[in-house]
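Peer 1: Take this structure, written in C-alpha cells, and hold onto it; I'll ask about it next.
The values are calculated or read from the model by the stated rules, or taken from the named source; none is laboratory data. Note that this is a predicted model, so its numbers are computed, not measured. Positions of Cβ are generated from backbone atoms using ideal geometry, with glycine treated the same way; all protein chains shown enter the neighbour counts. Quick note on the areas: whole protein, heavy atoms, side chains included, nothing else; ligands and nucleic acids left out. Shrake-Rupley method; radii C 1.70, N 1.55, O 1.52, S 1.80 Å.
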Amino acid sequence: MIYIYYSYISENNHKKLMQEFLLRFPIDFQNKIKSYRRWQDAQLSLLGRILLYRGTDNFNEKYKENNIKYSKYKKPYFGEEVYFNISHSGEIVVCAVTTICDIGIDIELQRDIQIEDFQPQMTEGEWMKISTSFNKMDSFYNYWTQKEAVIKGCGKGLSVPLKSFEISQNSTIIDNEKFFLKEIKLDGKYKCHIATNTQVNEECIKILKLLHKFNLD
C-alpha cells in the first residue's frame with residue numbers, strides 16, 4: 001500500500017503548530033524550522049515531517065527523526081523497510097510513504113510561466129508534445145512533475161539531468177531501472193505525480209487529507 005498524505009498551510013494555525021508540535025522533534029530540526037524568515041516556509045517544512053510521522057504509523061513504524069539516514073545524494077530514507085518522499089509547492093505539502101518500493105513524489109502549483117525557458121530540460125520528443133498540445137501549460141507541468149518525481153524516486157536528484165531521460169507512456173528508464181508514473185489528483189490548481197520502480201495498481205494508493213486538528217500521540 002502507498003499512503004499519500006497532504007495538507008494545506010494556514011497562517012491562523014501557525015502559532016499552534018509551532019507550540020504544540022515542533023517540540024516533538026529533535027533540537028536540530030527545531031532550529032532549522034525557527035531559522036526560516038517566512039512562516040510559510042517554516043510551516044511547509046514542519047507539515048512535511050508531521051505528514052511523515054502520520055504516514056509511518058500505517059506500518060507500525062513510529063517515526064523518529066534520528067532514524068532518518070541520508071544517501072550520498074542527500075535523499076532521506078529509513079532503510080529498507082519504509083520508503084518515503086516529501087514535496088511542497090504553493091500552499092500544499094504532500095508526503096508519500098510505502099513499504100513496497102522506492103518512491104518519488106512531486107507537486108507543483110501551476111503558475112503562468114514562460115515554458116520556453118524550460119525547453120532545455122526536455123527531450124525533443126517531450127518538447128514536441130508540449131509545443132503541439134492543446135493546453136501547453138498543462139502538458140508542461142505534466143512532464144515537469146513526472147520528471148522531478150523520477151529523479152527523486154531513483155534517489156539521485158538533480159545529479160541526473162532532466163533531459164537525459166524521456167517520459168513515454170507514463171514510464172521511463174534511468175540506469176537500466178524502470179520507473180512508472182501515476183498522476184495524483186489533489187487540487188485543480190496543482191499538478192502532482194508519483195514515480196515508483198514497481199508498477200502499482202490504483203487500489204494500492206490511498207490518499208488522505210490531514211487537517212490541522214490532527215493528533216500525533
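Peer 1: Rounded to the nearest 20 Debye, what is the dipole magnitude of the range 114-207 about its Cα centre when Lys and Arg each give +1 and Asp and Glu each give -1 at the C-beta?
Peer 2: About 180 debye.
Peer 1: Pop the C-beta distance of Gln114 and Tyr73 into the FRET formula with R0 = 30 Å and round what comes out to the nearest 0.05.
Peer 2: Efficiency for this residue pair is about 0.55.
Peer 1: OK, next. Read phi for every residue in the range 176-184 and hand back ³J(HN,Hα) as whole Hz from Karplus 6.51 cos²θ - 1.76 cosθ + 1.60, θ = phi - 60°, with x for Gly and Pro.
Peer 2: 6, 10, 8, 10, 10, 10, 9, 7, 10
Peer 1: I've got another one for you. Using a probe radius of 1.4 Å on heavy atoms only, what accessible surface per residue do you get for the chain? Whole Å² is fine.
Peer 2: 54 Å²
Peer 1: Comparing His193, His14, His88, which has the greatest mean-square fluctuation in the GNM of the chain with Cα pairs linked when under 10 Å apart?
Peer 2: The residue that fluctuates most here is His14.
Peer 1: Computed over the Cα atoms, what is the radius of gyration of the range 155-217 divided by 2.2 N^0.38 Å, N being its residue count?
Peer 2: Ratio of Rg to 2.2 N^0.38 Å for the range 155-217: 1.44.
Peer 1: Can you find, among Leu46, Pro120, Val94, the residue farthest towards the positive end of the dipole of the chain? Put +1 on the C-beta of Lys and Arg, -1 on that of Asp and Glu.
Peer 2: Going by the Cα projections, it comes out as Leu46.
Peer 1: When Rg is the radius of gyration of the Cα atoms in the chain and Rh is its Kirkwood radius, what does Rg/Rh come to?
Peer 2: 0.97
Peer 1: So if I place +1 on the C-beta of Lys and Arg and -1 on the C-beta of Asp and Glu, and nothing else carries charge, what would the dipole magnitude of the chain be about its Cα centre? I want it in debye, nearest 20.
Peer 2: Value, rounded to 20: 720 debye.
Peer 1: Once amide H atoms are built 1.01 Å from N in the peptide plane, which residues 5 or more positions from Lys182, or in another chain, come under 5 Å H to H?
Peer 2: Ile194
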